[in-house]
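The values are calculated or read from the model by the stated rules, or taken from the named source; none is laboratory data. Remember, predicted model here, so these are calculated numbers, not experimental data. Cβ: placed from backbone, ideal geometry, glycine included. Neighbour counts: every protein chain shown. Surface areas here come from the heavy atoms of the whole protein model, side chains and all, with no ligands, DNA or RNA. Shrake-Rupley method; radii C 1.70, N 1.55, O 1.52, S 1.80 Å.
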Amino acid sequence: MTGSDPKDKIGEGSSSSIDHNSPFYLHPSDVPKQIHVNEVLTDSNYVDWSQEMENFLFAKNKFEFVDGTIKKPEKGAKDYMLWMRCDAMVKGWLTAAMEKHIQDNVKYANTASHMWVDLRERFGKENSPRAYELK
């Protein structure tokens, strides 16, 4: 491999060869079960929690994993393992910031995007600021 361009290794899953601006980049200090927001998701704080989580995911360049912009590649595609690794990390960040009974209801989601949509559908309407105004 003498003289090869390190960028050619992107499909091999080595984070050291991924541009730091890539959504596939994971910092060596990133761990899935670390809480990165000030409060965990409960039955009554979805709006605040999701805003904090969105800010965190934007800062980590991972929000596109939950909003569905970065689609899961076909198995065997160049970016498949990179995508799987990042999606698993994002799912870990999401579940680490939830109460146990909420974790139990979403932990089998296939992707971080599915988990995010499920949470929004379950909690988004009842916890919206407008819902509080109507009560």
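Length gain on complete extension for the stretch residue 80 to residue 100, per 0.36 nm per residue less the alpha carbon to alpha carbon distance?
Full extension of this stretch gives 4.2 nm more.
Once amide H atoms are placed 1.01 Å from N in the peptide plane, what residues at a sequence separation of 5 or more from residue 41, or on another chain, have their amide H within under 5 Å of its amide H?
98, 99
Please report, in whole Å, how far the alpha carbons of the range 20-75 spread along each principal axis, starting with the longest.
Taking the Cα atoms of the range 20-75, the three principal extents are 37, 25, 19 Å.
By how many nm would the segment from residue 110 to residue 17 lengthen if fully extended, with 0.36 nm per residue of separation less the alpha-carbon distance?
30.8 nm
Report the label-to-label distance for residue 71 and residue 125 in nanometres (one decimal), using points 7 Å from each Cα along the Cα→Cβ vector.
2.8 nm
Calculate the translational D of the range 21-135 in whole µm² s⁻¹ from Stokes-Einstein, where the hydrodynamic radius comes from the Kirkwood formula applied to all Cα pairs, the temperature is 37 °C and the viscosity 0.692 mPa s.
The calculation lands on 224 µm²/s.
Peptides 43-54, 59-70: what's the order by average Cβ count within 10 Å, highest mean first?
59-70, 43-54
Stokes-Einstein D for the range 45-98 at 25 °C, 0.890 mPa s, Kirkwood Rh over Cα pairs, in µm²/s?
My calculation gives 207 µm²/s for D.
Using a 1.4 Å probe over the heavy atoms of the protein chains, calculate the carbon and sulfur portion of the accessible area of the range 48-129 as a whole percent.
Taking all protein chains in place, the range 48-129 shows 51 percent carbon and sulfur surface.
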